[in-house]
Amino acid sequence: MALEIKRWPKKNLAAGYHHSVGLQSNGKVLAVGENKYGQCNVSEWRGITSIAAGSAHTGNSHTVGLQRDGKAVAIGWNKYNQCEVNDWRDIMAIAAGWRRTVGLHSDGTVVAVGRNNEGQCNVGDWRDITSVSAGDWHTLGLQRDGKVMATGNNRYGQCKVNDWRDIVETGAGYLHSVGLQSNGTVVATGLNENGQCDIENWRDIVAIAAGSNHTIGLKRDGSVVATGRNTEGQCEVSGWSNILAIAAGCAHTIGLKADGTMSATGRNEEGQCNVNRWKCIKPSNK
């Protein structure tokens with residue numbers, strides 16, 4: 001069965017530089033890991049429908065939440081005003097990169113705030129977007145027709161997505177981009193020195209996630225595949241089963257199981273993999 005584009009996808013898991021975030025069914029948010037800038041201080045958030053964590057290959061991070069009323073909240077590292085989202089309205093989906101935040105309006109237009117030295121926030125002319133992804137220095141937008149827009153740093157070709165077609169989901173890492181096609185195969189472009197783009201043989205994939213230097217794929221049968229840098233064990237997912245949702249951070253990976261429990265692997269020096277006590281994580285939207 002062919003996969004379809006998820007309009008305004010709502011994420012129930014997010015993994016940042018050194019922290020992990022989970023959205024509960026009651027609209028509350030859980031977070032573990034590094035909290036140097038308060039990026040895990042989300043316990044008072046209410047009415048959240050989607051979450052995002054600032055991706056980064058190094059440095060600091062922030063956390064973003066989308067409320068039921070279409071407003072956004074953000075907390076954490078704010079040196080480049082990436083948390084200044086309080087005046088956003090009519091937001092249907094969110095993404096967080098390193099030093100910026102991206103929001104998708106219901107009319108298919110996109111807003112972005114934060115550092116823009118590489119043009120990663122130049123999304124003002126995008127139209128007909130259904131979802132957004134944010135890497136360290138580049139931003140992706142998936143259009144209704146299955147094509148992909150890209151802006152920002154393109155040093156390693158991570159923005160060379162113009163010829164992608166029939167895409168239903170995107171992911172953006174440090175210096176690479178990933179796209180899930182409707183037939184369950186995956187395409188990738190950008191830096192590949194760790195094999196993070198070696199996805200040619202993947203089949204029956206239903207969801208993807210891009211970490212800083214690794215890529216994760218969720219298969220239809222609930223198993224998980226991974227490729228890329230594995231120095232911290234972030235790709236050790238071969239034994240996972242019955243997984244419903246995945247997220248990839250700088251050097252760790254988390255997954256939600258069908259029974260409501262969590263799996264995690266990779267770097268845990270900051271406690272970002274301590275998700276075993278999480279309960280009632282909201283199933284992701286279909």
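The values are calculated or read from the model by the stated rules, or taken from the named source; none is laboratory data. Here the structure is a predicted model, which is why all the values come from computation and not from measurement. Positions of Cβ are generated from backbone atoms using ideal geometry, with glycine treated the same way; all protein chains shown enter the neighbour counts. Accessible surface is based on the protein model in full, side chains and every heavy atom, while ligands, DNA and RNA are left aside. Shrake-Rupley method; radii C 1.70, N 1.55, O 1.52, S 1.80 Å.
Observations on the structure shown:
- Cα-based shape type of segment 209-286, given that a ≥ b ≥ c are square roots of the gyration tensor eigenvalues and the cut on a/c is 1.5: oblate
- Within segment 48-71: backbone nitrogen closer than 18 Å to the Ser106 label point (7 Å, Cα to C-beta): 48-50, 66-71
- Normalising the average separation of contacting C-alpha pairs (under 8 angstrom, six or more residues apart) by the number of residues puts the relative contact order of segment 139-286 at 13 percent.
- Surrounding net charge for Asn153, when Lys and Arg each add one and Asp and Glu each subtract one, Cβ distance under 14 Å: +3
- The order of Tyr80, Tyr37 by accessible area, most exposed first and with a 1.4 Å probe, is Tyr37, Tyr80.
- Averaging the sequence gap over all C-alpha pairs within less than 8 Å and six or more residues apart, then dividing by the number of residues, gives segment 96-185 a relative contact order of 21 percent.
- Gyration tensor verdict on segment 16-152 (Cα atoms; rounded if a/c is under 1.5, prolate if a/b is larger than b/c, oblate otherwise): oblate
- Net charge contributed by nearby residues that have their C-beta within less than 11 Å of Thr261 (K/R +1, D/E -1): +2
- Heavy atoms of Thr170 accessible to a 1.4 Å probe, total area in Å² rounded to 10: 10
- Fully extended contour minus Cα-Cα distance, from Arg220 to Asn183, at 0.36 nm per residue: 12.2 nm
- Sequence of Glu236, Glu4 when ordered by accessible area, the most exposed leading, probe 1.4 angstrom: Glu4, Glu236
- Mean Cβ count within 10 Å, highest first, over the residues of peptides 118-124, 199-205: 118-124, 199-205
- Of the peptides 6-14, 64-72, the ranking by mean beta-carbon count within 10 Å, highest at the top, reads 6-14, 64-72.
- Highest-fluctuation residue, Gly228, Gly157, Gly33 considered, GNM on the chain with Cα pairs under 10 Å: Gly157
- Neighbours of His138 by Cβ distance under 15 Å: Lys/Arg scored +1, Asp/Glu scored -1, total +3.
- Solvent-accessible surface of segment 95-184, taken per residue with a 1.4 Å probe and all protein chains present: 34 Å².
- Note on Asp128 and Met1: their simple-model spin labels are 2.7 nm apart, each label 7 Å out from Cα toward Cβ.
- For q = 0.12 Å⁻¹, Debye-computed log10 I/I(0) when each Cα of the chain counts as one equal scatterer: -0.63
- For segment 148-213: rounded, prolate or oblate by the Cα gyration tensor [a/c cutoff 1.5]: oblate
- Where Ser43, Ser241 fall by accessible area, highest first, once all protein chains stay in place (1.4 Å): Ser43, Ser241
- Distance-filtered residues of segment 24-40 - backbone nitrogen under 11 Å, label point 7 angstrom along Cys280 Cα→Cβ: 24-29
- Taking the accessible area of the chain, probe 1.4 Å, and keeping the other protein chains in place, the carbon and sulfur fraction comes to 41%.
- Mean sequence separation of contacting Cα pairs (under 8 Å, at least six apart), scaled by the length of the chain, corresponds to a relative contact order of 16 percent.
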